[in-house]
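Here is the structure we will look at.
Every read-out reported here was derived from the displayed coordinates using simple, explicitly stated rules and does not represent laboratory data. Small disclaimer: the values here were computed from a predicted structure and weren't measured. Reconstructed Cβ throughout: ideal geometry from the backbone, glycine too, with neighbour counts over all protein chains shown.
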Amino acid sequence: MRLIELTSEINGEKAQRVFSKDHILIGRAESNDWVLRDGRVSSLHGQIVLREDAFYYQDLQSTNGSLVQRGKERFVVDGVNFKEMALRDGDALMLGDIHEPTTLKVRVFEGEADGETPTIEGKTILASRAISDFSLLSQQILDDKSMVRALFRFQKEIQEPDRAQDIYQHAALFLLNHVPNAEYVALHREDPLKPGGWKQVYFTTKAKDIAAELSGGDELFDEVVRQMRAHLIDSLRLAGVRTALKAAQPLTSMILAPLVHQDKVIGFIEIGNTTNSTKLDDADLDLVSVVSYALSARVLNLKLLEVIRDAEEKLKTENLYLKTVIDTAQGAGQIVGDGPAMQSVRRQIETVGPSELTVMILGETGTGKELVARAIHDCSRRGGQIFAAVNCGTFSDTLLESELFGHLKGSFTGAVKDKKGLFEVADGGSLFLDEIGETPFQLQVKLLRALQEGEIMPVGATRPRKVNVRVICATNKDLAAEVAAGRFREDLFYRLNTFPIHLPPMRERRDDVALLARSFLRHFQREMNKYGNDYSDACLEQLKRCDWPGNVRQLKNEVQRALLLAEPNEKIELRHFSPQLASRNRIDDGSPIAIEGRALKDVMEDYEVKVIRQALEENGWNRSRTAEKLGISRQAFMAKLSKYRLSPED
């Protein structure tokens, strides 16, 4: 085996090492095979390559140059006028400062490697090029005017298409046409689902039996990434990387050239052949290096274009939810209430907010569950990111799955284009799932996976996508009872119920009614530009006595109506509120209610039946309008009608 021994002495420190490698990098950077800690030596100064049983030294356009001393003679190796020089036993490499150079003594001999491992696990590197180093281009390319013109046309052609596959096709066809011995071309880019990994994005071949997929090529990529240089590789052991399927012929040569941007590899060009063709050579390596250099900038532009398109798509999707966020921020603006119940809620928000725990908000419809969810998001580390919200009870099974996880074009009727789901829209932020108890049972499995694994599967997709989302959910149902009834998964319930927060209904926080009413009044005064109105004391007292079955949402709607109907600077009285509210207030006029021997729950239900029946009568038993007037959702209202078995015939 042909071996080379290098010996140096810097600042009294002597170093000696034997190499059996085919390619030895020399320079100041730690990534080199022989590191010279001398400030006058370039980071990547030069290289020694083994070719046809001879070692050659090449200067890699270092700052201070290289000399080879042979006896009393010195030869300049600058990579421009004198490209390389064969090394002999007894030569000395003189690198860096010409007057006080760093000297490497060279010994070339036959022997055993003593455990020295060749580069890329035995795969031989015949030659190496920096893709931007045009000074090392072979004269064959420089003298071929038709080739220069072809390269110029290629550079122009790849600037026109906007589709990645069109650009890859231009590059592949150019290489197959101008590298006669190449049997296939493949292009690789960063794998978004595998940090540090690579994904083949294009493949074409002139030989039908060559495998379309690369296997076991990670060590090849790692070596090129480390050196950021194009490699010409020649070894029978390439058989394990990409084979000819029918004849099982191994690859006899391969060129792997990096696509580079600012000292970072963003992809690769790979060309190769089998024993059916003559091995690739240095001139082929030069041409692939030039194509790689030209393609690098275009692939970077494509990458930036993809980022911009993704950002625009995400922005469009986010805009669907921004109005809700803005309305929430401009509405109450804060959680209003000084009573013990709301003070407890605030303390719980401050406790759980900075954590990453999943929060379950419990409470009746209209109690402000989304406002609490927003407060939790705002006081977390995700506060500057998107906050998306969805009511799970307003979608059909298929549409809810698409809304949460997204879908691919053509995955179902009406899916005319790809759509990102809310888990992807809220990536890095928080997702609020209101009425989580309405989630279809079969969809709960996907939701559980998203929570536990941080992975989602869009409708029609075959590969999962990673997301980083904090989930906050809410319900007005007894989920434990839903689990017992088999309508809600037990494992999902325990995963969601990590930190429950209970929101009290308005009837349990009457002391907060005046504060809330005044907060809403200020908000709508700004919105309507109508100042000067305030409540009478009698009106506030009457508002406190109301039970507010629609809770905070109902109060907000009533305040908006009252301000609209009041004259400028007029005191707001109960008559400015809806007739339903006034009639309910007459029902609850302070007269004693018979409660002896009855549970509070039964008394309150009787009262609720009276309120609902009176509201229905006042609205001609129009259920949608009655639900709207009461300030509750139609779904919740229909549930109450079913519960109390109310109908016009009763």
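Shape verdict for region 361-442, please, from the Cα gyration tensor: rounded (a/c under 1.5), prolate (a/b greater than b/c) or oblate. Oblate, since a/c reaches 1.5 and b/c is not below a/b.
Which pairs break 21 Å Cα to Cα here: Lys194/Lys466; Lys145/Lys279; Lys544/Lys629? Display every interim value, and only then the final one.
Numbers: Lys194/Lys466 10 Å; Lys145/Lys279 24 Å; Lys544/Lys629 18 Å.
The pairs that break the limit, which is 21 Å between Cα atoms, are Lys145/Lys279.
Amide H contacts under 5 Å for Ile210: Leu245, restricted to partners 5 or more places along the chain or on a different chain, H placed in the peptide plane at 1.01 Å from N. Note on region 606-650 and region 331-388: Cα centroid distance 30 Å, given to the nearest whole angstrom.
Among the trypsin sites (Lys or Arg not before Pro) in region 373-467, those placed in a DSSP loop whose Cβ has at most 14 other Cβ atoms within 10 Å are Arg381, Lys409, Lys417. Using the Cβ atoms and a cut-off under 12 Å, what net charge is assigned to the surroundings of Val336, where Lys and Arg are +1 and Asp and Glu are -1? Cβ neighbours under 12 Å give a net charge of +2. Approximating the spin labels as points 7 Å out from Cα along Cα→Cβ, the Met528-to-Thr7 distance works out to 9.8 nm. For region 450-577, a crude dipole built from +1 on the beta carbon of Lys and Arg and -1 on the beta carbon of Asp and Glu, taken about the Cα centre, is about 420 debye to the nearest 20.
Cα gyration tensor of region 506-644, axes a ≥ b ≥ c as square roots of the eigenvalues: rounded (a/c below 1.5), prolate (a/b > b/c) or oblate? The shape class here is prolate. Under 5 Å from the amide H of Val469 lie the amide H atoms of Gly428, each residue being 5 or more positions distant or on a separate chain, with H modelled from the backbone and absent for Pro and chain starts. In this simple spin-label approximation, Arg37 and Leu408 carry label points 7 Å from Cα along the Cα→Cβ vector, and these lie 5.4 nm apart.
By the Cα gyration tensor, region 2-118 has an equivalent ellipsoid whose semi-axes, rounded to whole angstrom, run 20, 16, 14 from largest to smallest. Each label point was placed 7 Å from the Cα along the Cα-to-Cβ direction; for Arg561 and Ala461 their separation is 4.5 nm. For the pair region 172-193 / region 511-538, the C-alpha centres are spaced 70 Å from each other. Built from the Cα atoms of region 420-465, the convex hull projects on average onto 3.6 nm², one quarter of its surface area. If you average the alpha carbon positions of region 402-454 and of region 55-91, how far apart do those two centres end up, in angstrom? Between the Cα centres of region 402-454 and region 55-91 lies a distance of 63 Å. A protection proxy built from the mean count of other Cβ atoms within 10 Å ranks the segments 58-70, 251-263, most packed first, as 251-263, 58-70. Averaging over all projection directions, the Cα-based convex hull of region 331-502 occupies 10.3 nm² in the image plane. Using a ≥ b ≥ c from the Cα gyration tensor of region 49-102 (square roots of the eigenvalues), is it rounded, prolate or oblate, where a/c under 1.5 gives rounded and otherwise the larger of a/b and b/c decides, a/b for prolate? Because a/c hits 1.5 or more and a/b fails to exceed b/c, region 49-102 counts as oblate.
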